[in-house]
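The values are calculated or read from the model by the stated rules, or taken from the named source; none is laboratory data. Worth saying up front: this structure is predicted, and the values here are computed from it rather than measured. Ideal geometry is used to build each Cβ from the backbone, glycine not excepted, and the neighbour counts take in all protein chains shown.
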Amino acid sequence: MNNNSQRLTTHVKIKKLHEDAVIPKYARELDAGFDLVAIEDTLIAPGESAKIPTGLAFALPEGYELQVRPRSGIGAKTKLRLSNAPGTVDAGYRGEVCVLIDNIRFVSNERGTECFDASEKTITVEQEVDKHSYLIRKGDRIAQGVIAQVPMALFEVVDELDETERGSGGFGSSGIQG
């Protein structure tokens with residue numbers, strides 16, 4: 001990073017809970033997210049969800065969270081989706097960070113020894129599976145993490161809220177045309 005950088009930084013302690021855990025790193029200098037990597041093979045059948053372990057625990061500073069977000073390439077190329085995107089890891093949590101992934105392909109009931117990997121390539125596996133299954137492999141970059149500041153809200157109960165142009169319009173109230 002250049003010496004004139006105004007980028008906000010914070011120290012985050014990480015504990016490896018598994019020998020194969022990969023310490024996060026940013027792929028490029030200006031990236032907002034760092035990769036979270038699977039530490040074991042996990043097969044996800046169509047219509048099912050899986051909890052993918054990363055083998056890492058984080059000690060986030062007070063006032064921060066770790067957001068677990070999808071990787072754009074997986075979202076664009078596959079039918080794998082993060083169940084709770086973005087997932088939140090609170091500053092007080094010290095357990096293993098896992099990534100919840102859904103396979104939203106339809107169940108075909110066509111069985112065989114081929115399925116897809118996380119880049120949508122057809123691969124051969126040892127067991128018989130639904131052909132629309134995905135195999136997340138140990139070492140796959142499965143999600144990205146973003147460290148974000150989180151202000152603590154101080155709630156105040158009032159009788160009236162201030163007026164805005166939008167008001168109470170929600171869920172499509174602004175339309176889809178520009």
Counting only residues that are over 17 Å from the mean Cα position of the chain (by Cα) and of a type in the set (Ser, Thr, Tyr), which one in the stretch 117-159 is surrounded by the most Cβ atoms within 10 Å (Cβ to Cβ)? Ser133
Looking at the stretch 100-153 only, could you name the residues that are of a type in the set (Phe, Trp, Tyr) and either in contact with a helix residue (DSSP H, G or I) (Cβ under 9 Å, 6 or more places away or on another chain) or not in a strand (DSSP E or B) (or both)? Phe106
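Condition check ((1) touching a residue at least 40 places away in the same chain (Cβ under 8 Å); (2) touching a Gly at 6+ places or on another chain (Cβ under 8 Å)) across all residues:
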site: Ile14; (1), (2): yes, no
site: Gly33; (1), (2): yes, yes
site: Val37; (1), (2): yes, yes
site: Thr42; (1), (2): yes, no
site: Pro53; (1), (2): yes, no
site: Pro61; (1), (2): yes, no
site: Ser83; (1), (2): no, no
site: Leu100; (1), (2): yes, yes
Residue among Asp130, Asp159 that is touching a Ser or Thr at 6+ places or on another chain (Cβ under 7 Å) and charged (D, E, K, R): Asp130
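When you check Gly92 against the structure, is it out of contact with any strand residue (DSSP E or B) (no Cβ under 9 Å at 6 or more places or on another chain) and over 19 Å from Thr42 (Cα atoms), yes or no?
Working: out of contact with any strand residue (DSSP E or B) (no Cβ under 9 Å at 6 or more places or on another chain): yes; over 19 Å from Thr42 (Cα atoms): yes.
Taking the combined requirement at face value, the residue satisfies it.
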Within the stretch 52-99, tally of residues that are part of a loop (DSSP other than H, G, I, E, B), under 9 Å from the mean Cα position of the chain (by Cα) and crowded, with 19+ Cβ neighbours inside 10 Å: 2
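Before we move on, is Pro24 touching an Asp or Glu at 6+ places or on another chain (Cβ under 6 Å) and surrounded by 14 or more Cβ atoms within 10 Å (Cβ to Cβ)?
Numbers: touching an Asp or Glu at 6+ places or on another chain (Cβ under 6 Å): no; surrounded by 14 or more Cβ atoms within 10 Å (Cβ to Cβ): yes.
No.
Residue by residue, here is whether (1) among the aliphatic types (A, V, I, L, M); (2) within 18 Å of the chain's Cα centre (by Cα); (3) over 21 Å from Gly92 (Cα atoms) holds:
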{"residue": "Leu17", "(1), (2), (3)": "yes, no, no"}
{"residue": "Asp20", "(1), (2), (3)": "no, no, yes"}
{"residue": "Lys25", "(1), (2), (3)": "no, yes, yes"}
{"residue": "Asp31", "(1), (2), (3)": "no, yes, yes"}
{"residue": "Leu36", "(1), (2), (3)": "yes, yes, no"}
{"residue": "Ile39", "(1), (2), (3)": "yes, yes, yes"}
{"residue": "Ile44", "(1), (2), (3)": "yes, yes, yes"}
{"residue": "Gly47", "(1), (2), (3)": "no, no, yes"}
What pairs come up if the first residue lies in the stretch 151-164 and is within 17 Å of Gly63 (Cα to Cα), the second is surrounded by 10 or more Cβ atoms within 10 Å (Cβ to Cβ) and modelled with pLDDT of 95 or more, and their beta carbons are under 8 Å apart, counting only those six or more places apart or on different chains? Pro151/Gly63; Met152/Gly63
